[in-house]
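The next block holds one structure in the form of structure tokens; read it before the comments.
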């Protein structure tokens, strides 16, 4: 890991047949430099050459001929001896821009601490590199210490030219990635990480410990398939987000709206009843949808398998999700799954409790059969269970995991949707 100072050197203003940079006194962090035509010299004077292990000066052939000798002399007089000059072409094509970036990239190592000056750049070169900073943060895990721009204005004489540190603005890329991770991967960890090292004014609506904790609670519940608490966690997160949205900044409102659009379907207008009712199954459908979208296939297959068991409990009076006595009825749902996995002539319920449960379920099972619901469930229950068992045993009973998990997941999901529609249409769901 090295402490790298990286700067660009262009041509400056044309005066007659020559190109020059005007001299100025620069001010950084309340300290003034000596008069110099180079912002880089001012920064190294104020920060100290001991703050860096090396300096990269990016310039064109014309920039080298015009200014580099003078800049190099001044930097060396300040003790900056390890100067690396990178000469790039003036090719402005996309291919040329990519070549610039790769030339610079070759001098930056993983975990380097990077201080950048964009003041004297040639044409669009600083813009290209500024865009690439986000890439370096991801691919090389660089630590961005500062991004300086010297605001020199000839007609506005303050007695000095202020050097502005634009580093904090670059966190917008990290906030965008954090929200993307949240809505695409149900992962709030990046958001917590960014929040820990950014100022409160940046995306302040999201940069809030309570909001982030609510997101972590919700995403942990999703990833851990804690389906009976998901609505509760979603309600808490959505309530907090909608409150923040009222006074949100433009940036904050955009990011909050992305989160609302993704997770609002998991929230409920009123607390879950604890019954296997219409609200319960509609929520399960939304949970499965989100898990499949996030490619959390093991969790999605688990919920779909349990969905079938829950269908078997709709008309079991004592079956509830909110009480231990109600959850004790869950074994009847397991028997219902077994009834669908095997042909009726192959049913064997040797255990007394399983035999009694199957007998209790038979009138309801026959009703589903008459309504055309049982054939839909039977058409995929066994295959779904086999896929779920494959996850359970890490596919050790197979040569490899199947490559159609996403495709099959969508097929199973669509059939569950058909089942819910038919249950509702025939008055079975309350």
Correct option for Cα Rg over 2.2 N^0.38 Å [calculated from the coordinates] among (i) 1.44; (ii) 1.17; (iii) 0.97: (i)
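Can you sort 83, 296 from fewest to most other Cβ atoms within 10 Å of each residue's own Cβ? Numbers along the way, then the final one.
Details: 83 15, 296 18.
Neighbour counts put them in this order, fewest first: 83, 296.
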Length-normalised contact order of the chain in % [C-alpha pairs under 8 Å, at least 6 apart]: 11
Centroid-to-centroid separation of the stretch 368-399 and the stretch 265-338 [C-alpha atoms, Å]: 16
Label-point gap, in nm, between residue 166 and residue 317 - each point 7 angstrom along Cα→Cβ: 7.3
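Order of 261, 112, 208 from fewest to most other C-beta atoms within 10 Å?
With the fewest neighbours first, 261, 112, 208 line up as 261, 208, 112.
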Gyration tensor (alpha-carbon) shape descriptor, the stretch 290-342, a/c threshold 1.5: oblate
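How do 237-247, 92-102 rank on mean C-beta neighbours within 10 Å, highest first? Mind dumping the intermediate values first?
Values: 237-247: 15.8, 92-102: 13.6.
Descending packing order for the listed peptides: 237-247, 92-102.
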Global form of the stretch 3-165, assessed from the alpha-carbon gyration tensor, a/c cut-off 1.5: oblate
Sequence of 298, 339 once ranked by neighbouring C-beta atoms within 10 Å, starting from the fewest: 298, 339
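For the stretch 39-165, what relative contact order do you get, as a whole percent, if you take Cα pairs closer than 8 Å and at least 6 residues apart?
RCO, the stretch 39-165: 22 percent.
FYI, it's all coordinate maths here, none of it is from the lab. All values reported here derive from a predicted model rather than from experimental measurement. All Cβ positions, even for glycine, are placed from backbone atoms using ideal geometry, and neighbour counts span all protein chains on display.
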